[in-house]
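Take a look at the structure set out below.
The values are calculated or read from the model by the stated rules, or taken from the named source; none is laboratory data. Keep in mind that this is a model prediction, so the values were computed, not measured. Cβ placement follows ideal geometry from the backbone for every residue including glycine, while neighbour counts extend to all protein chains displayed. SASA here: full protein model, heavy atoms, side chains in, ligands and nucleic acids out. Shrake-Rupley method; radii C 1.70, N 1.55, O 1.52, S 1.80 Å.
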Amino acid sequence: MDTEFPDNLIEIDDPEIDPAQIMAQIRERIHQRRLELGYPQQEFPPFGAAAYPGEPESGDFDRDLYYHLRKANDLYYQVGVESSLAPSPATRLPVLGRLWGRIRQEAHNLVLFYVGKLARQQLAVNRHTVSTLNRMAAQLHEQRRQIEALREETA
């Protein structure tokens, strides 16, 4: 099932509550409800938004890597595209000020429209990039664990 948001979308500091488990239950209920209502089955590629793997509980790991990976997961879907039109002294002119203000606003809105389209496309790229990094970090940790196990076995 394709997920657009990570499991850590909501931060809960209660150790008895597992947000990932709650999100899994929500996704399962949505899936069951869609089956009940007869929605067509859609097959999504398994490579969707991979969740942040979390820092390994034991062993030696690169704390900087996981710090930056966590920050990337927290920030990849935030884009600051918003209206920020600075005041202009020309808009205070008696006759032409209102017209100039309206022209500035509409030009600004046009730019925001196209920048917004670009930002949505960049968000998709960001999501796939962060998902790739999450998967790579999880694989790296698993490979390290296997290497350590092999070293112990050969020693």
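Residue under question is Arg144, and the condition is that it be open to solvent by 80 Å² or more (accessible area, probe 1.4 Å), under 27 Å from the mean Cα position of the chain (by Cα) and touching a residue at least 12 places away in the same chain (Cβ under 8 Å); does it hold?
yes
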| When residues of the stretch 101-155 are filtered for being part of a helix (DSSP H, G or I) and over 17 Å from Ser83 (Cα atoms), how many remain? | 34
| For the stretch 131-141, what are the residues that are among the aliphatic types (A, V, I, L, M) and open to solvent by less than 90 Å² (accessible area, probe 1.4 Å)? | Leu133, Ala137, Ala138, Leu140
| Taking the stated definitions as given, is Met23 of a type in the set (A, V, I, L, M, F, W, C), within 17 Å of the chain's Cα centre (by Cα), under 27 Å from Arg120 (Cα atoms) and at pLDDT 80 or above? | yes
| So which residues in the stretch 54-83 are in a loop (DSSP other than H, G, I, E, B), at negative phi, without any contact (Cβ under 8 Å) to a residue 24 or more places away in the chain and open to solvent by less than 90 Å² (accessible area, probe 1.4 Å), if there are any at all? | Glu55, Ser58, Asp62, Gly80
| said: Looking at the stretch 1-20, can you tell me whether even one residue there is at pLDDT 80 or above, outside any loop (DSSP other than H, G, I, E, B) and loosely packed, with under 11 Cβ neighbours inside 10 Å? | reply: no
| query | Could you count how many residues in the stretch 93-126 are at pLDDT below 90, farther than 30 Å from Ala50 by Cα and surrounded by fewer than 11 Cβ atoms within 10 Å (Cβ to Cβ)? | reply | 2
